[in-house]
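Contents: one structure, followed by commentary.
All of the numbers you see were taken from the coordinates with simple rules; none came from a lab. Quantities reported herein were computed from a predicted structural model and do not represent experimental measurements. Every residue, glycine among them, receives a Cβ derived from its backbone with ideal geometry; neighbour counts consider all protein chains shown.
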Amino acid sequence: MPPKQPSGPGTCLKSRSPVVWTGETVDFLESDENEMIREMVRDFAESVLAPTAESRDHEQRPPVEEWQAFLELGLQGVTIPDAYGGAKLNDIAEAIIVEELARVDPSFAVMFCVHVGLCAMTINLHGTEEQKQAYLPRLAAGEVGAYSLSEAGAGTDAAAMGCRAKLSDDGTHYLLNGEKMWVTNGVQAGIYVLFAKDVDHPDFGVKKHGGTTAFIVEQAFEGLTVGKKEDKLGIRSSDTCTLVLEDCKVPVANVLKGAGNGFPIAMNALDNSRIGIAAQALGIAQGAYEAALKYAHERETFGKPIVAHQMITAYLSDMATQIDAARLLVYRAAWAKEHHYEAGGPRHSKEASMAKLFAGDTAMWVTERAIQVLGGYGYTKEFPVERFFRDAKITQIYEGTQEVQRLVIARALR
Ligand code: COS
């Protein structure tokens, strides 16, 4: 029997029977509020992002006007409390937003993810009252945020970073020197959470990550230059660049949680944003699957739609199953972050890494199968599946490679 038309995302979650997880009851039922958010974002993605996604990908053009249109939905502040001008939502809602954006335009999804997750959420979780008052309203109003940890010689081995920070003689500011790499939103952002090592910190040179300090840096700060923009295989409408720091002057007041306390902040930010990238991978897989299913109903060979051929049906069934499994892991990780970690409980590192590992592999596998279902057409730019295929690959690399996710999971198993 051929499968029915797309059942729509989230249908596996509509069951009234809650999912039991490690002795606790986790109710993944999609609330009316989250369902409304899904519909609103889907409508935005299909009406505003879809018409330009292909050309922006081709031209490597960031979604500048699209971001302005997105601000009208008021979702750029979903990780920012109301007191700072945001509109804080539950964590599953945040994942749903990323998923729906990525279903149409994975580049826009990662732009959103980094803005709300790595930048705004990190300042909200680790900032002082003054820092929150200074920066969160700007991010809530739509000024783009970014995060800058990696360097040419420090990606997976984040603690090996070479950027250095030195306190000025009068003790009012730091001077930052070095070059950061792979900065998503780096060109467009006004505000970065950026990491460098304080050379005067007692742990510097003692512990491997000793002296690592998190700074809130503005693009307008003296000594910061936006460097080379990368020419990428996928997510080509998302800008990725280097940042050059030459005596970049950052006020002491912009240090998050004190000098030398940056490494756990960097790791915590990644725990949080890995859920976002897992949701991006989920959305990519969903978009590719829907395109393949639609095509399979329309395309005929040997006198019948290809969806009626058992081999195609089997592919589609396996794709749908993998996607549902990925969705459960993504929502579980979002739930764990909100109900465990943010409630003062244990970290959600393992859940986030499992979601990212599985959803990233799912995105890669599903997009490859989608091209197979479309055959030669899937290999052309006439259909979006080749873009989804190229976009899927990065979800196995950034926010920690799949190898790093396995490392984090393995450490949590001990
Ligand atoms: N949350 C809070 N703190 C954490 C943490 C987490 N998830 N993970 C580790 N830490 C803390 C540890 O507790 C330790 O603190 P103490 O020195 O006080 O004991 C410190 O951070 C160092 O931890 P660890 O020894 O595990 O660090 P490693 O150098 O071994 O690095 C990995 C561990 C590989 C997991 C880490 O470097 C990593 O995640 N790398 C990938 C980075 C990445 O994702 N880059 C892409 C970014 S996109 S720009």
Compute the angle between helix 349-374 and the longest alpha-carbon principal axis of the chain, please, reported from 0 to 90 degrees and rounded to the nearest 10. 40 degrees
Wrap a convex hull around the Cα atoms of the chain, take a quarter of its surface area, and give that in square nanometres. 20.5 nm²
Under-5 Å amide H pairs with Thr212, H placed in peptide plane, nonlocal only: Asp198, Gly262, Phe263
Rel. contact order, % - alpha carbon contacts under 8 angstrom, at least six apart, segment 103-243: 24 percent
Fewest to most Cβ atoms within 10 Å: Thr395, Thr321 sort as Thr321, Thr395
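Net charge near Gly145: determine it from the other residues with C-beta under 12 Å of the C-beta of Gly145, scoring Lys and Arg +1 and Asp and Glu -1.
Numbers: positive: Arg138; negative: Glu143, Glu218.
Once all neighbours under 12 Å are counted, the net charge is -1.
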To the nearest 10 degrees, how steeply does helix 129-140 sit against the main Cα axis of the chain, on a 0 to 90 scale? 40 degrees
What is the angle, in °, between the Cα long axis of helix 50-59 and the longest principal axis of the Cα atoms in the chain? Nearest 10 is fine, range 0 to 90. 60 degrees
According to the Kirkwood expression over distinct Cα-Cα pairs, how big is the hydrodynamic radius of segment 59-206, in Å? 16.6 Å
Can you list the lysines whose alpha carbon is less than 22 Å from that of Lys249, not counting same-chain residues fewer than 8 positions off? Lys132, Lys166, Lys180, Lys197, Lys228, Lys257
How do the peptides 277-283, 163-169 rank, highest first, by the average count of neighbouring beta carbon atoms within 10 Å per residue? 277-283, 163-169
Starting from segment 179-224, pick out the GluC sites (Glu not before Pro) whose DSSP state is loop and whose Cβ has at most 15 other Cβ atoms within 10 Å. Glu222
Taking the convex hull of the Cα atoms, report for segment 267-324 its projected area averaged over all directions, in nm². 4.2 nm²
Could you pull the Cα extents of segment 288-379 along its three principal axes, largest to smallest, in whole Å? 61, 20, 16
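Quick one: how many lysine pairs in segment 303-385 have C-alpha atoms under 30 angstrom apart, if they're 8 or more apart or on different chains? Write down the numbers at each step before the final one.
Numbers: Lys304/Lys381; Lys337/Lys350; Lys337/Lys356; Lys356/Lys381.
Value for segment 303-385: 4.
Taking loop as defined by DSSP and a crowding limit of 12 other beta carbons within 10 Å, which chymotrypsin sites (Phe, Trp or Tyr not before Pro) in segment 272-346 fit?
Details: sites: Tyr289, Tyr295, Phe302, Tyr315, Tyr331, Trp335, Tyr341; in loops: Phe302.
Those that pass, being in a loop and sparsely packed, are Phe302.
Loop only per DSSP, at most 15 neighbouring Cβ atoms within 10 Å: give me the GluC sites (Glu not before Pro) in segment 372-414, ordered by residue number. Spell out each step's value before the answer.
Working: sites: Glu382, Glu386, Glu399, Glu403; in loops: Glu382, Glu399.
Of the GluC sites (Glu not before Pro), the ones in loops of segment 372-414 whose Cβ has at most 15 other Cβ atoms within 10 Å are Glu382.
Averaged over all directions, how much area does the convex hull of the C-alpha atoms of segment 186-332 cover when projected, in nm²? Don't skip to the end; give the middle numbers.
Working: hull surface 51.5 nm².
Projected area, direction-averaged: 12.9 nm².
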Percent of all Cα-Cα pairs per 5 Å bin for segment 132-201, counting from 0 up to the last occupied bin, reads 4, 16, 20, 19, 19, 16, 6, 0
